[in-house]
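Every number in this text was worked out from the coordinates using simple rules, so none of it is lab data. Just so it is clear, the model here is predicted, and its values are computed rather than measured. Glycine gets a Cβ as well: all are built from the backbone with ideal geometry, and neighbour counts include every protein chain shown.
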Amino acid sequence: MIQVEGINIAVEGCFHGNFDEIFGEIIDIEKKKQIKIDLLLVCGDVQTIRNKNDMYNMACPKKYLEMGSFYKYYTGEKIAPCLTIFIGGNHEASNYLREMHFGGWVCPNVYYLGNSNVIEVKKGNTTFKLGGNSGIFNNHDFNNPKLESFPFTQDQLHSVYHIKQFDLYKLNLYEGDINIFLSHDWPLSIEKHGNINDLIRKKKHFEADILDGKFGSISHQYLLNKLQPNFWFAAHMHVKFEALVNHHSNKKTKFLALDKCLPGREFLQVFTYTKEGVDLYNQFAFNNEPIELYYDPEWLAIMKTTFNLQLIWDKMPKLFDINYAQKELKIIRWQKYQQMLQAKQQLLINYKNQRIKIPNNFQITATPYYKNDPTNKLTFPNRVILNNQIDDYLKLFNESGLQLNGFLFYEPQQPQKKEIQNQFQVINKIEIQQNKEKVKQEILKQLDQQQKQQKKDDNLNILDFPFLQ
Ligand code: 5GP
Ligand code: MN
């Protein structure tokens, strides 16, 4: 067999907590093909459930609530056979992913890309940029701020995985080339670029939505046209589907959606991404260099540019508008967008020569489930801590996670790390909710006062982006 330089990649559709099964499948493929899979990419519904508390923080009909096998990988009892990177779908341990909002290791060797992100994957001389956007589209929550924090109300249990325009906003500021992009639901109208008849034949219940032109996510359609990645992988629809999108720029996107992990279903695709950026299906890479992940300088600049914005997002004029009649999502504040781009470009000067490896800083922060442990009761942690990985990440651009208190996290006092790990008790959910609201209200009041000092937008008489003032 001809040896190529590249990265052997397996792509998976929906995971649904089947860590043992899918990792087992990876090992089987490696044996059968006599290759080493370097990287597994997963397109959502992963269900990284560490314990019973996580299980009840997943939006899912009660009869499907299952522990799955993630907890074994969380405790270190088992280890993922290859580097695994995933985005979130609509069935997740949403409290855990919320903690890891900007991306992080959910266990050794398994990296959550976060709500939106772009990172660099490198093995030997082969590198590519990997982007992703977690969640599914829902027009009721698209314009809302991302304020879901623990403990989730019933509404928040669902809204937490709905795509918010803030993430689209960040991805839309990205001007570099993205090679591979991951989403859970499909871009709107993607079916037009593939074998639509075959799709309807396999999934009759898609037909009405397809004919109405409302099959898929309008925000992903926007991103697909804007970012034009070489590959776009998705899941959610529980069917394998391929499409080729020819962009006006002459760039092409190969789209592939995969099924969920069930016997006899098409849920895995293996290919080799070569040094030249080509996808091969019958030749594999045999070079043994380790695979490494790096932060993307442009994404760090975007994070810095938009950081303060998330704190006041609910008071902000929105950047995008959706015209449902015309099925069009577009920027309505071009001037602001241009200003943001310029601010990012300025910041990028500081970041662009930095090559920062994503650190292996995973720590166990919750009491994991142990099979056969009679003391394994449903318990709620009395606070959601600022995860050590978020803290490390925010230091990269001199921001502090404490600013996110009351937004992402419920953390009334700064806790001692040891204390957190041991301190799990059943607590009064209502009391926490009230406290959380109080913290939120206090922060909003402070922000209000700060903003009153600031200039107003003359044209629209609304608050302007604070960092540009
Ligand atoms: P999940 O595994 O996330 O609970 O459910 C995904 C299922 O919802 C898919 O198998 C698909 O049948 C259905 N679904 C999701 N989005 C759409 C849509 O836009 N139109 C139709 N007809 N079905 C959808
Ligand atoms: Mn799904």
field: Three-way shape label, segment 274-328, alpha-carbon gyration tensor, a/c 1.5
entry: oblate
- prompt: Within segment 252-285, whose backbone N sits under 16 Å from a point 7 Å along Cα→Cβ of Asn125?
  reply: 273-278, 285
message: So, R0 is 41 Å and r is the distance between the beta-carbons of Asn388 and Ile349; what FRET efficiency does that work out to, to 0.05?
response: 0.85
- request: For segment 96-248, compute Rh as the Kirkwood radius over C-alpha pairs and then the Stokes-Einstein diffusion coefficient at 25 °C and 0.890 mPa s; write the answer in µm²/s, rounded to an integer.
  value: 146 µm²/s
- request: Please give the FRET efficiency for Asp28 paired with Lys252, using the beta carbon to beta carbon distance and R0 = 25 Å, rounded to the nearest 0.05.
  value: 0.20
message: Rounded, prolate or oblate for segment 193-344? Axes are the square roots of the Cα gyration tensor eigenvalues, ordered a ≥ b ≥ c, and the cut-off for rounded is a/c under 1.5.
response: oblate
field: Over segment 211-296: Rg over Rh, Cα atoms, Kirkwood Rh
entry: 1.01
field: Sequence of Thr126, Thr153, Thr365 once ranked by neighbouring C-beta atoms within 10 Å, starting from the fewest
entry: Thr153, Thr365, Thr126
Label point at Lys36 placed 7 Å out along Cα→Cβ; residues across segment 62-87 whose backbone nitrogen lies under 12 Å: 82-83
query: How big is segment 260-352 on each of its three principal axes, counting only the C-alpha atoms and giving the largest first in Å?
result: 50, 42, 24
- request: Write down the radius of gyration of segment 231-271 and its Dmax, each obtained from C-alpha positions, in Å.
  value: 12.0, 40
query: Most exposed first by the Cβ proxy, i.e. fewest other Cβ within 10 Å, how do Arg333, Arg50 rank?
result: Arg333, Arg50
task: For a quick protection proxy, order the peptides 293-303, 91-101 by their average other-Cβ count within 10 Å, most packed first.
output: 91-101, 293-303
- request: When a/c is below 1.5 the answer is rounded, else prolate if a/b is larger than b/c, else oblate, so apply that to segment 48-148 with a ≥ b ≥ c taken from the square roots of the Cα gyration tensor eigenvalues.
  value: oblate
